[in-house]
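Down below is the structure, laid out as structure tokens.
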Amino acid sequence: MSEVAIGIDLGTSNSAVSIVQDGQVEVLPNTFGERIMASAVGFREDGNILVGNEAKANVVHEPSSTVTSAKRLIGRYFFSEEVKKAQAICPYQIVEGPEHSVRVQVREEVFSLPEISAMILRELKSVAESHLGHEVSKAVITVPAYFNDNQRQATKDAGKIAGLDVLRILNEPTAAALAYGFGQGLTQKVAVWDLGGGTFDISVLEIGEDVFEVISTAGDTFLGGDDFDDRLIDLLADEFIQAHGQNLRQNPHTFERLKLAAENAKKDLSLEDTVRIEIADVAKDEEGNSLSISRDLTADDFSKLTNDLIQRTFKVCDEALQQAGVLARELDGVVLVGGPTRLPVIREAVKAYFQMEPKTDVDPDVVVAMGAAIHASELVAPQQQAFLLDVTPLSLQVGVAGGFCEPVIERNTPVPIEQSRTFTTVQDNQETVVIRVYQGEQKLVDENELLGQFEFSGFPRARRGDVEIQVTFAINSDGIVDVTASEPGTGEAASTRITLSSGLSEEELQSILSENRTDRVLTDMVARAEEAAIPAAEPLPELETAPPAVAAAVASAAASMAATAPAGEETLDLATDEDGGVPELEVDSDLSEGEMNALLEGSDEELTQPALQETTAPAAEAAPAPPAPAPTAKAAPAPPAPAPTAKAAPAPPAPAPTAKAAPAAPQAAAAAPEAAPADDLFDAVGTDLRDGDPADPDEDFELGS
Amino acid sequence: MAAVKLAELRVLANIVEDLDYYQLLEVAPGATAVDVRTAYHSVARRFHPDRLRQEGPDVVAAAERVAKRVSEAYAVLRDPRRRRVYDQQKGGGERRLQLVSGGAEADRQVSQEREGKTPNGRRYITLAHQDLARDNLKNARQNLQMALTFEPDNAWVKSTLTELKEKLR
């Protein structure tokens with residue numbers, strides 16, 4: 001029997017699981033026949049965890065112990081705007097974890113976001129398993145196209161915690177296009193307009209029968225259907241303040257009722273022009289009389305409330321079309337994805353923007369899960385029916401002196417790809433550089449997302465600008481980013497695999513896996529097993545342990561995880577070639593799956609590009625040595641020769657074992673004391689995180705999210 | 001999987017560094033944008049790592065190596081700006097173009113052409129810009145025509161002239 005891999009749409013508001021069986025794509029229903037499951041996790045007093053629509057239904061009763069919209073927080077730094085916003089509106093507690101990561105606290109217990117998402121994934125996995133009657137471990141999970149690497153990695157970790165082998169993290173609009181064009185033999189240029197609960201994505205694709213080529217993608221991870229609800233909630237709450245002088249936002253229970261009413265009103269607007277919002281006994285006045293909300297809402301009212309949000313999506317569309325070099329009218333179709341796209345208000349706006357009727361032959365709620373299943377099945381057993389040529393949605397950059405970034409791979413570059421750029425040292429006799437890797441489109445490091453950093457040393461001392469350091473970024477088909485630094489003169493090389501910073505350190509991930517709190521989820525399997533005995537409406541009885549089958553599966557998954565030392569943290573490898581040979585081309589072979597890593601922090605040295613030296617390095621001005629801005633690197637586009645260093649040269653076998661065996665930290669520790677002393681230039685760039693904590697050179701620096 | 005295809009992949013992976021972008025995509029130097037895209041799809045169809053996952057890690061690694069260069073070739077040849085820079089540089093024997101600076105280099109060239117590269121050329125181009133700002137298309141045409149005598153290979157002047165002639169017709 002051929003292997004089965006499932007496709008999972010892990011959404012902000014709703015999730016779904018799908019498989020391909022006998023060439024048919026099927027979205028799997030749970031025990032209650034529901035194909036769409038709310039991405040809600042409810043923590044019960046008895047310690048059990050409820051996931052899905054039942055948890056969502058309970059949110060009004062237990063708002064502070066029900067976690068919703070966790071996807072808005074996953075892979076984010078605690079100081080990010082989105083987290084602040086969520087803190088203001090979420091009834092559950094959002095707290096700061098180690099390294100600026102985000103945690104949620106429920107009933108005295110603290111959970112990481114990957115753990116919360118894992119509970120949802122666990123449930124979906126179990127839905128698939130009860131449908132198939134056997135265990136499933138391989139999966140493709142979708143994320144918004146505009147998710148950065150930290151968010152992707154956190155999602156991958158969630159899969160791992162749920163006992164899944166995540167074959168691929170797939171972009172949601174790409175998945176939707178796959179489902180739209182699968183088996184149709186289309187030759188079309190399409191745009192996928194994807195408004196989810198928490199994010200907006202637009203992708204432009206060229207479909208050529210079995211080939212699905214993404215030409216460009218753009219998005220806004222701060223804009224989703226939730227924002228539309230918020231507008232409605234604000235309207236209701238503000239009107240209530242005006243009428244009765246009471247702020248309904250202050251009571252979590254009442255707030256949840258407002259939220260639910262807003263959500264329902266929005267949904268009803270996809271079917272009707274006018275909806276009535278009724279919330280009885282929402283508060284009491286001074287004399288103890290019950291107060292209610294009762295008002296009509298028209299599609300027109302709603303449109304006015306949310307028009308600016310819709311317009312924001314079109315700005316992003318402009319960007320994507322421009323990057324693709326395509327005009328809206330040149331498209332053959334527009335595919336709508338996401339629950340909010342059922343709203344006539346939105347459909348009309350999209351129609352006006354693209355000057356064409358959007359496609360209605362796909363179900364916007366499940367199309368992403370279907371696409372994920374198609375891709376999953378092609379990955380485990382290629383039918384050669386549909387394959388993807390994707391792009392990298394965000395630019396990858398290197399931090400240089402002065403707090404600036406220099407791109408190495410620009411956004412919308414087709415992947416897999418490998419690109420190199422040459423930088424130079426910024427100080428005389430510099431011995432170490434810190435290579436900081438950023439993702440984003442901004443010039444300033446602070447405005448981009450820090451993905452990770454590593455230290456590179458071992459090159460000869462020389463005047464600043466005289467040492468050339470070549471930084472090579474490679475994105476492979478799995479979306480894993482490898483970064484190598486090398487010095488063409490000596491062939492010294494260091495590399496790292498940037499699969500880091502889900503906000504979970506290796507230890508944390510291990511302890512999560514061993515603690516196994518996702519086991520407390522009353523999964524579909526459990527529900528099914530208990531179904532006969534318990535009426536669905538009654539509270540489920542407390543379960544001490546999961547049924548043997550599930551427990552065994554989880555235990556074995558946890559064991560294999562522990563054995564293979566999951567990626568998920570970033571690896572730092574300083575693989576130097578003592579023979580002075582040339583660094584190896586394939587970073588892949590330097591690093592194996594199971595490598596652990598410790599992020600290094602605190603080197604005082606920086607890379608710079610020659611051109612930047614003059615303008616951005618005050619230290620260089622003050623220094624006695626004559627400025628030697630090597631015009632080579634910048635002026636000459638990509639010195640052709642350097643590429644061979646990283647590429648053509650035969651790979652010396654030595655680096656690989658070094659990289660694997662030697663933990664990064666000792667090497668770094670050895671390197672650090674030798675490093676040239678810090679000066680003010682590096683004080684300026686040494687603080688990467690926005691809260692401005694000066695980096696402690698002695699601390700291993702782990703990225704938080 | 002046909003053995004022939006795998007053998008071909010192995011050979012390709014070995015020589016991939018020696019191929020220029022046209023050879024990688026198997027297109028002629030004069031290939032149109034549509035040709036380039038079709039060729040990209042066809043090479044991907046044969047050698048995309050996702051289609052070869054069942055063939056084991058060695059094959060996938062070889063496919064990755066090829067795919068990385070094919071993506072690069074495609075990123076250059078589908079982009080007229082980068083392609084122009086690449087074609088010029090290829091004359092000097094260079095087989096690769098750095099994507100980032102390839103774009104920047106093209107922008108730099110364009111901006112240089114917009115200002116003129118010779119003293120006399122610059123003079124007439126500056127006049128032409130002033131004419132264009134005043135919407136005096138005829139004078140702009142004359143000045144650009146003059147500029148072209150000093151800078152016969154200035155692509156910006158040429159394309160702007162063509163546009164003007166079209167408008168004045």
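Residue-wise HN-Hα couplings along segment A:214-228, as the Karplus relation 6.51 cos²θ - 1.76 cosθ + 1.60 with θ = phi - 60° gives them from phi, are 7, 8, 7, 8, 8, x, 9, 7, 10, 9, x, x, 4, 5, 5 Hz; Gly and Pro carry x. Taking amide H positions as modeled 1.01 Å from N, with prolines and chain starts lacking one, the residues under 5 Å from A:LEU451 and 5 or more places away or on another chain are A:VAL437, A:TYR438, A:GLN439.
The accessible surface of segment B:3-96, taken with every protein chain in place and a 1.4 Å probe, is 56 percent carbon and sulfur. In this structure the amide hydrogen of A:LEU389, modeled in the peptide plane, comes within under 5 Å of the amide hydrogens of A:PHE212, A:GLU213, A:VAL214, none closer than 5 places in sequence on its chain.
Per-residue 3J(HN,Hα) values for segment B:77-88, derived from phi via the Karplus relation 6.51 cos²θ - 1.76 cosθ + 1.60 with θ = phi - 60°, read 6, 7, 9, x, 5, 5, 4, 5, 4, 4, 4, 4 Hz in sequence order (x marks Gly and Pro). Our summary gives segment A:225-304 a relative contact order of 24 percent, counting only alpha carbon pairs under 8 angstrom and 6 or more residues apart. Peptide B:89-99 is shielded by partner chain Cβ atoms: per residue, an average of 4 of them sit within 10 Å of its Cβ. Sorting A:LEU379, B:LEU132 by solvent-accessible area of protein heavy atoms yields B:LEU132, A:LEU379, largest first, with a 1.4 Å probe. Straight-distance candidates among the lysines for linking to A:LYS443, with alpha-carbon spacing under 20 Å and chain neighbours fewer than 8 residues away dropped: A:LYS634.
Shielding value for B:68-80 is 4, the average number of Cβ atoms from other chains within 10 Å of each residue's Cβ. Accessible surface of segment B:116-168, 1.4 Å probe: 51 percent of it comes from carbon and sulfur atoms.
In segment B:39-63, the residues whose accessible area drops by at least 50 square angstrom when the other protein chains are added to the isolated chain are B:TYR40, B:HIS41, B:ARG45, B:HIS48, B:ASP50, B:ARG51, B:ARG53, B:GLN54; the probe is 1.4 Å and only protein heavy atoms count. Peptide B:29-38 is shielded by partner chain Cβ atoms: per residue, an average of 1 of them sit within 10 Å of its Cβ.
In straight-distance terms, cross-link reach from B:LYS165 covers every one of the lysines whose alpha-carbon lies under 28 Å from its own, apart from those fewer than eight places away in the same chain; here that gives B:LYS117, B:LYS138. Peptides A:188-196, A:508-516 ranked from most to least packed give A:188-196, A:508-516, packing being the mean of other C-beta atoms within 10 angstrom over each peptide's residues.
Pick from B:ASP135, B:ASP50, B:ASP18: which is most flexible by mean-square fluctuation in a GNM of chain B where alpha carbon atoms under 10 Å apart are linked? Its mean-square fluctuation being the largest, the pick is B:ASP135. Distances between placed amide hydrogens fall under 5 Å for A:VAL143 paired with A:LEU170, A:ASN171, A:GLU172, all partners being 5 or more residues away or on another chain. Reported to the nearest whole Å, the Cα centre-to-centre distance from segment A:427-478 to segment B:122-158 is 44. With Cα atoms defining each centre, segment A:52-96 and segment A:101-144 are spaced 16 Å apart in the structure. Taken across both chains, chains A and B shield about 3300 Å² of accessible surface from a 1.4 Å probe.
Whole-Hz Karplus values for segment A:508-515 come out as 4, 4, 4, 5, 5, 5, 7, 6 Hz, taken residue by residue from phi with 6.51 cos²θ - 1.76 cosθ + 1.60 and θ = phi - 60°; glycine and proline positions read x.
Highest first, please rank the peptides A:473-483, A:283-293 by the mean number of other Cβ atoms sitting within 10 Å of their residues.
Numbers: A:473-483: 22.2, A:283-293: 11.4.
Per-residue Cβ counts within 10 Å, averaged per peptide and sorted highest first, yield A:473-483, A:283-293.
The values are calculated or read from the model by the stated rules, or taken from the named source; none is laboratory data. Computed from a predicted model, the values in this text were never measured in an experiment. All Cβ positions, glycine included, derive from the backbone under ideal geometry; neighbour counts span all protein chains shown. Only protein heavy atoms, including side chains, enter the accessible area calculation; ligands, DNA and RNA are left aside. Shrake-Rupley method; radii C 1.70, N 1.55, O 1.52, S 1.80 Å.
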